[in-house]
Amino acid sequence: MSTSKIDRLVKMINQISLNMRSNGEEDLVAMQVSEHLEKFWSPPMKDLISEHADRKDLGLTSISYSAVKKLAAIQKKK
C-alpha cells in the first residue's frame, strides 16, 4: 500500500482531532473523531487506516490513535 496515502490519512485525522480537541476529555474527543471518520470517510479510506490501526509509528496524535483503534473495532464488527 502506498505510504503517501497513509500519510495523507494520518494528516487528515490529526487535523480533525485538533479541530475537535476543545470538545472535552481525550476519550470523548477520540469517540467523536472515530464517529466522524465512520460517517464521512469512504469505505476504502476507512479500510486502509483500519488495516494500520496497531501501528504506533504512523505519526498519529494520542487522540487520533485512539480514534483509529475505535474505528477499526467498528469496521471489524461489519
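Where a number appears in this text, it was derived from the coordinates with a stated rule and is not lab data. Values in this document were obtained by computation on a predicted structure and should not be read as measured data. Note: ideal-geometry Cβ built from the backbone for every residue, glycine included; neighbour counts use all protein chains shown.
Segment N23..A73, full-extension length gain: 15.8 nm, with 0.36 nm per residue of separation and the alpha-carbon distance subtracted.
Taking θ as phi - 60° and the Karplus parameters 6.51, -1.76 and 1.60, the scalar couplings of region 14-26 work out to 4, 5, 4, 4, 4, 5, 8, 3, 7, 6, x, 5, 4 Hz in sequence order, x denoting glycine and proline. Taking the helices alone, the chain has a mean residue ellipticity at 222 nm of -24000 deg cm²/dmol, built from -39,500 (n - 2.57) per DSSP H run of at least 4 residues and averaged over all its residues. Sorting the segments 3-11, 26-34, 56-64 by their mean number of nearby beta carbons within 10 angstrom, highest to lowest, gives 26-34, 56-64, 3-11. Taking 7 Å steps out from each Cα toward its Cβ at S4 and S42 produces label points 1.6 nm apart. Listed options for volume of the Cα convex hull per residue in Å³ are [x] 235; [y] 129; [z] 80. The value calculated from this structure is the one marked [z].
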